[in-house]
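The values are calculated or read from the model by the stated rules, or taken from the named source; none is laboratory data. Source: prediction; values computed, not measured. Cβ: placed from backbone, ideal geometry, glycine included. Neighbour counts: every protein chain shown.
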Amino acid sequence: MEVDEQIKIFREFAEQNYYPQILEAVRKGKEHLVFDFSELIKFNTEFSEEMLESPEEFLKAAELSIKEFDLPKKVTKFNIRFTNLPESQKVMISEMRSKHLNKFIWAEGIVRNKTTVRPHVTSSRFECPSCGNILKVLQLDKKYKEPTRCGCGRKGKFKEISKELVDGQGLVLEESPEDLDGAQPKRINVFLKDDLVSPLSEKKTSPGARVKLCGWLVEVPVILRTGGQATKYDLIIEANHCEPMEDDTITELKLTPEEMEQIKEISKSGRAIEILAQNLAPSIYGHDKIKEALVLQLAGGCRKVHPDGVVTRGDMHMLLIGDPGSGKSQLLKRVSKIAPKARFTSGKSATGAGLTASVVKDEFLGGWSLEAGTLVLANQGFAIIDELDKMGKDDRSALHEALEQQTISIAKANIQATLRCETTVLAAANPKFGRFDSYDLIANQINLPPTLINRFDLIFPVKDMPNRERDEQMASFILKLHQNPSLGVAEIPSTLLKKYFAYIRQKIQPKMTDQAIEELKHYYISMRNSGISEEAGIKSIPITARQLEGLVRLSEASAKLRMSKTVTKKDAQKAIELVDYCLNQIAKDSETGRIDIDRLSSRITATQRSSIGTIKEIITALEDQLSTKMIPTEEIIGAAKEKNISQESVEEALEKLRRTGDIFEPKRGFIQRL
């Protein structure tokens, strides 16, 4: 098709369908307009088919045809962008081959990293010093080209008069993991220019965003170190249009009126938590308390920003720790299907850099650039970490800041950045020796640093104990499910559950009522002071301010599920019930029967701490009594017996003091203070 004909056809098409929009865009000073490709197919099929084969020249013709219109201002440059290309033109990134070169295609994926915007030369004009002739050179390659000779016979040394620059930016687009079945996601470089790098579109294409790109494949020559050209070429997409896709955090929730009705029905039923907990994982038997907690976690609390800039997080973190084969991973997998914007990783293969962010060398423009990790990509969503105990020590420490401050700070290779990660973390781990020892305290078997454990709002031990009645029910449930898989289908479909949680997370922000505050306050104060026992002077700390904040978040989540504007006393009771259940399971001191948070947050319990204090006093008193530095162990045991401390406790306390370097053993059976 001749260029004149192309211009004519395109002009007719624009006049029929888009004339007012073009005038409006020019009046506002815009330099581009987005056209719908399906309209062009309806208008002229032959023209649109040829355009898919050689988009570059057709788009140039389209730009020329726009200039022929009677426009309110003179336009030097006007870009035509196309969206809605036919489905047949979709190419997966891993399937891009040389046959697709210079064809109009579209692809979708996740933006992995993005370079800074820099000007690129498109064409330059040179003047010949001998005859004054002006030569125009188009700059299409990476290398800057100058004219070789002029019409008058002169070679070399031309004077550059002017050059045209456009803003250009590189993206790295990666296939989204959902489209793959276990293969490594492939990447491709994308080149954006002109209005595609305006500050508005800049926000849409930040790393982690999902985009849909229309453009054509171009080959880029690879220059060898010797300066010659390699036989292999690099592929790059020249983007014509870029639009963000429906993200999982659906900003404009596309809810149909029927779905809205169903959502309201569930929330007003008065049993919202139970209904949702039953439908959360119908194919997993039991674990009712955990399912309830997961439903509350999916709803989330309210994030509060105080006037002085301090932020209280609204995300609840949960840790399931339990015996193998008790269905933890299945629950996590199920949550990752329902939770908005969820990312699933397993601890063994996760590193600190992979979870937070890494600094990579930028191939496009040189220099360094940031690449977001799991927790950052799941911002406003869920990060689900299985096998937390298998993670390396150094890698685990990356979680501390992410869990409480909800930011990730990085200072590497001269990049200082703070990334947001308002992410809810759901983690699962096994006990220290793979299984719970029923005779030892649960707290001693959690092989995680106390500072990390303390940041989880709820910690559930999942025990797998033989119990005839329960085992019978469970076995028949599992076997029936194998016999007839359709039994494990939820009444509420997963898509509706996902929309339900996305909706309440975004739209509902309940406020605390005085009754709820009273209820939480009463529980907190009574728990704090239940640990003081007069006779021994032991102060165990049953609960800390972190648990109080956790209670607030849980009660807000309970109110959200009912779509209520206020948090009532009932919501507060639900929160207290769950926190109390967790504390009783994990932090109960077998000796005193009291709840002692130190079981979790430090390795020495309050009872032991007070017995260590007593023994130190005994040692000091015996030194004065016997007027010698070396004290026989028997004497200490005897003195401790009078204070109702058993021999085992004394030996344990001495062992701890020996480890911390307070005492040493100059000879066997004797002890001396350092």
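Taking Val137, is it surrounded by 15 or more Cβ atoms within 10 Å (Cβ to Cβ) and either outside the structural domain of Glu53 (by TED's automatic domain parsing) or charged (D, E, K, R) (or both)? Yes; evaluated as a whole, the condition is true for this residue.
Among all residues of segment 396-413, there is at least one that is part of a strand (DSSP E or B), in contact (Cβ under 8 Å) with a residue 40 or more places away in the chain, in contact with a Cys (Cβ under 7 Å, 6 or more places away or on another chain) and more than 30 Å from Gln278 (Cα to Cα).
Scan segment 472-501 for residues that are aromatic (Phe, Trp, Tyr) and closer than 13 Å to Ile284 by Cβ and jot them down.
Residue satisfying the conditions is Phe477 alone.
Checking each residue in segment 659-671 for being surrounded by 12 or more Cβ atoms within 10 Å (Cβ to Cβ) and either under 45 Å from the mean Cα position of the chain (by Cα) or assigned to a loop (DSSP other than H, G, I, E, B) (or both) picks out Asp662, Glu665. Is it true that Phe460 is in a loop (DSSP other than H, G, I, E, B) and closer than 30 Å to Lys393 by Cβ? In short, no.
When you scan segment 112-128, do you find a residue that is of a type outside the set (Phe, Trp, Tyr), farther than 29 Å from Lys186 by Cβ and touching a Ser or Thr at 6+ places or on another chain (Cβ under 8 Å), even just one? Yes, segment 112-128 has at least one match.
Being assigned to a helix (DSSP H, G or I), in contact with a Phe, Trp or Tyr (Cβ under 9 Å, 6 or more places away or on another chain), surrounded by 14 or more Cβ atoms within 10 Å (Cβ to Cβ) and assigned by TED's automatic domain parsing to the domain that holds Ile385: is that true of Leu298 here? So Leu298 passes the test. Scanning segment 601-626 for residues that are modelled with pLDDT of 80 or more and of a type in the set (Ser, Thr, Tyr) yields a total of 2. Is one or more of the residues making up segment 54-63 free of Cβ contacts under 8 Å to residues at least 12 places away in the same chain and assigned to a helix (DSSP H, G or I)? Yes. Scanning segment 423-457 for residues that are closer than 26 Å to Ala350 by Cα, assigned to a loop (DSSP other than H, G, I, E, B) and free of Cβ contacts under 8 Å to residues at least 60 places away in the same chain gives Lys432, Phe433, Asn447, Pro449.
In the set Ser65, Ser94, Ser124, Ser88, only one residue is among the polar types (S, T, N, Q) and surrounded by fewer than 13 Cβ atoms within 10 Å (Cβ to Cβ); that residue is Ser88. Pairs meeting the criteria (first residue in segment 549-563 and under 11 Å from Leu520 (Cα atoms), second residue of a type in the set (Ser, Thr, Tyr) and in a helix (DSSP H, G or I), beta carbons under 9 Å, at least 6 apart or on different chains) are Leu551/Tyr523; Leu551/Tyr524. Can Leu276 be described as buried (at least 22 other Cβ atoms within 10 Å of the Cβ), part of a helix (DSSP H, G or I) and touching a residue at least 60 places away in the same chain (Cβ under 8 Å)? Against the criterion (buried (at least 22 other Cβ atoms within 10 Å of the Cβ), part of a helix (DSSP H, G or I) and touching a residue at least 60 places away in the same chain (Cβ under 8 Å)), Leu276 qualifies. With respect to (1) without any contact (Cβ under 8 Å) to a residue 60 or more places away in the chain; (2) surrounded by 14 or more Cβ atoms within 10 Å (Cβ to Cβ); (3) not in a loop (DSSP other than H, G, I, E, B), the lone exception for Glu469 is condition (2).
The residues of segment 1-49 that are among the aromatic types (Phe, Trp, Tyr) and either outside the structural domain of Phe69 (by TED's automatic domain parsing) or surrounded by fewer than 14 Cβ atoms within 10 Å (Cβ to Cβ) (or both) amount to a single one, Tyr19. Against the conditions (1) under 30 Å from Pro493 (Cα atoms); (2) surrounded by 13 or more Cβ atoms within 10 Å (Cβ to Cβ); (3) at pLDDT 80 or above, where does Thr312 fall short? Just the number, please. Status for Thr312: all satisfied but (1).
Yes or no: Ser48 under 22 Å from Leu217 (Cα atoms) and without any contact (Cβ under 8 Å) to a residue 24 or more places away in the chain? Yes, satisfied.
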